[in-house]
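Structure first, then comments.
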Amino acid sequence: MPRHLLKLSDLEPAEAMAIVTRAQALRARPPVAERPFAGRTLAMIFAKNSTRTRVSFESGMAKFGGHALFLQTGTTQIGRDEPLSDTARVLSRMVDAVMIRNDSQADQAAFARHATVPVINGLSDLHHPCQLLADLQTWIAHRGNPAGKTVAWVGDGNNVCNSWIEAATLFDFTLRIATPTGYEADADLINRAGKHVNIVTDADQAVQGADLVVTDTWTSMGQEAEALERRRVFSDYQVDAQRMTKAAPGALFMHCLPAHRGEEVSAEVIEGPQSVVWDEAENRLWAQMALLEFLWAQGN
C-alpha cells in the first residue's frame, strides 16, 4: 500500500522530523547532478488557484529529473463528474504520485482509497500539511528544535491553523490560538491535541512570550463574499509592531502568503527583521522534494 500525506498526522514524529531535516540539507546543498526522480511523473490536480504550491512542486520535480503534470479540474473529466475512484485508478497506472489542491478533505480521502500511488494534500478545507513541513523547516533552521517552545496563532482558525495544531503534537510544542468567536479551528483536532493547544480570544494574550507568531489571510479562497464582514470581525487581530513587542525576545513572524498588508499583518512586521516569510515560501520547494523522496522510498 502506498503512503499518503493527507494531513500532517499521517506522519510519525520521527518521520516528520526526518523530512524537515532532509529538506534543510537539500537547501544547504542544492542538487546539481542528482536525478533521483528521473522517469517519475507527478500529477497535480488543481481545483483552486495557486502560486507557491504549483511552482514548488513543478520546480522540485524538475530539479531532481522528474516531470510534473498540471491538471485543472475544469479541463479534465473530473470537471464532468467522473467518479473520483475512476480517476484515481486511471492516474495510478500512468503517474507515480498525485497532488490534489481542492475544497474537500473528504474527496481527497476518497481519491486516496482508490489510488495505488502516493496522494499528497496540496491544500484542502481542513488541512495544509505541505505548508507546515516548510514552516517547521524554517523555524528549526532559524531557532533549532521547537520542543517545549510556544507558537501564537492569531486570526482565522482555518486549514493552516488546523495543521499547526497537528504540528504541535508531532513536534511537542505549545500552540496558543486566538480567534474571534465563531471562527475557531476544528474542535476535534483541538481536543485530540490536549495539552499542546491553548485557546484564547485575546490576540495579545496569545502572543505574550511566544517564540513564534503566525497568521494568515482573514479571507481565504471561496470566502470573498464574506470579506467585508471578516475585516470587521478580525480588526483586533492584526499582527503589528506593537503586538510583536509582547512576544519573546528573538521571536519570529510567519505567514504562508499571500499577505494583505494593513489587514492581518502590518507592512512593518512582514518586511521587518523578525519576518522569515521569504525563507518560509522558498522552503515549500525543499520540503516537498524531501516529502516526495520519503513517500516513494516507503513504497520500495
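The values are calculated or read from the model by the stated rules, or taken from the named source; none is laboratory data. These numbers come from a predicted model, not from an experiment. Counting neighbours? That spans all protein chains shown, and the Cβs are built from the backbone with ideal geometry, glycine included.
Quick one: how many residues across the stretch 170-186 are of a type outside the set (A, V, I, L, M), touching a strand residue (DSSP E or B) at 6+ places or on another chain (Cβ under 9 Å) and either crowded, with 24+ Cβ neighbours inside 10 Å or more than 16 Å from residue 213 (Cβ to Cβ) (or both)?
Here the count works out to 1.
In the stretch 187-204, how many are within 11 Å of residue 168 (Cα to Cα) and surrounded by fewer than 14 Cβ atoms within 10 Å (Cβ to Cβ)?
Qualifying residue count for the region: 2.
Got a number for residues in the stretch 119-159 being touching a strand residue (DSSP E or B) at 6+ places or on another chain (Cβ under 8 Å) and either outside any loop (DSSP other than H, G, I, E, B) or free of Cβ contacts under 8 Å to residues at least 24 places away in the same chain (or both)?
Selection size over the stretch 119-159: 19.
What is the number of the single condition among (1) at pLDDT below 95; (2) among the hydrophobic types (A, V, I, L, M, F, W, C); (3) closer than 30 Å to residue 117 by Cα that residue 287 does not meet?
(1)
For residues that are over 16 Å from the mean Cα position of the chain (by Cα), aliphatic (A, V, I, L, M), surrounded by 22 or more Cβ atoms within 10 Å (Cβ to Cβ) and not in a helix (DSSP H, G or I), tally how many sit in the stretch 241-300.
Looking only at that region, the number is 3.
I'm trying to understand the selection: among the residues of the stretch 147-169, which are surrounded by fewer than 21 Cβ atoms within 10 Å (Cβ to Cβ) and touching a helix residue (DSSP H, G or I) at 6+ places or on another chain (Cβ under 6 Å)? I'd like the intermediate steps shown before the answer.
If we filter the stretch 147-169 for residues that are surrounded by fewer than 21 Cβ atoms within 10 Å (Cβ to Cβ), which is where we start, we get 147-149, 169.
Within the stretch 147-169, just 169 meets the criteria.
Within the stretch 84-95, is even one residue without any contact (Cβ under 8 Å) to a residue 24 or more places away in the chain and small (Gly, Ala, Ser)?
no
Would you mind stating whether residue 232 is surrounded by fewer than 19 Cβ atoms within 10 Å (Cβ to Cβ), basic (Lys, Arg) and either in a helix (DSSP H, G or I) or at pLDDT 95 or above (or both)?
Details: surrounded by fewer than 19 Cβ atoms within 10 Å (Cβ to Cβ): yes; basic (Lys, Arg): yes; either in a helix (DSSP H, G or I) or at pLDDT 95 or above (or both): yes.
Yes.
Could you tell me which of the residues 16, 25, 38 is at pLDDT 95 or above and crowded, with 22+ Cβ neighbours inside 10 Å? First the steps, then the outcome.
Working: 25 fails: crowded, with 22+ Cβ neighbours inside 10 Å; 38 fails: crowded, with 22+ Cβ neighbours inside 10 Å.
Residue meeting the stated conditions: 16.
For residue 217, only one of the following conditions fails: (1) farther than 24 Å from residue 20 by Cα; (2) modelled with pLDDT of 95 or more; (3) among the polar types (S, T, N, Q); (4) assigned to a loop (DSSP other than H, G, I, E, B). What is its number?
The single condition residue 217 does not satisfy is (2).
Could you give every pair whose Cβ atoms fall below 9 Å, whose first residue belongs to the stretch 1-12 and is farther than 15 Å from residue 292 by Cα, and whose second residue is surrounded by fewer than 17 Cβ atoms within 10 Å (Cβ to Cβ), counting only separations of at least 6 or pairs across chains?
1/116; 1/299; 9/192
Which members of the stretch 190-249 meet the condition of being without any contact (Cβ under 8 Å) to a residue 24 or more places away in the chain and aliphatic (A, V, I, L, M)?
Residues satisfying the conditions are 199, 225, 227, 228.
Of all residues being assigned to a helix (DSSP H, G or I) and among the hydroxyl-bearing types (Ser, Thr, Tyr) in the stretch 160-204, which is farthest from residue 134 (Cα to Cα)? Just the residue, please. Even if it seems obvious, please write down each step before you answer.
Kept after step one, since they are assigned to a helix (DSSP H, G or I), are these residues of the stretch 160-204: 160-171, 187-196, 203-204.
If we keep only those that are among the hydroxyl-bearing types (Ser, Thr, Tyr) too, we end up with 163, 169.
Working: 163: 12, 169: 17 Å.
Per the stated criteria, the residue is 169.
Given the conditions (1) within 25 Å of residue 105 (Cα to Cα); (2) out of contact with any Pro (no Cβ under 9 Å at 6 or more places or on another chain), and given that residue 23 satisfies all but one, which numbered condition is not satisfied?
Of (1) within 25 Å of residue 105 (Cα to Cα); (2) out of contact with any Pro (no Cβ under 9 Å at 6 or more places or on another chain), only one is false for residue 23: (1).
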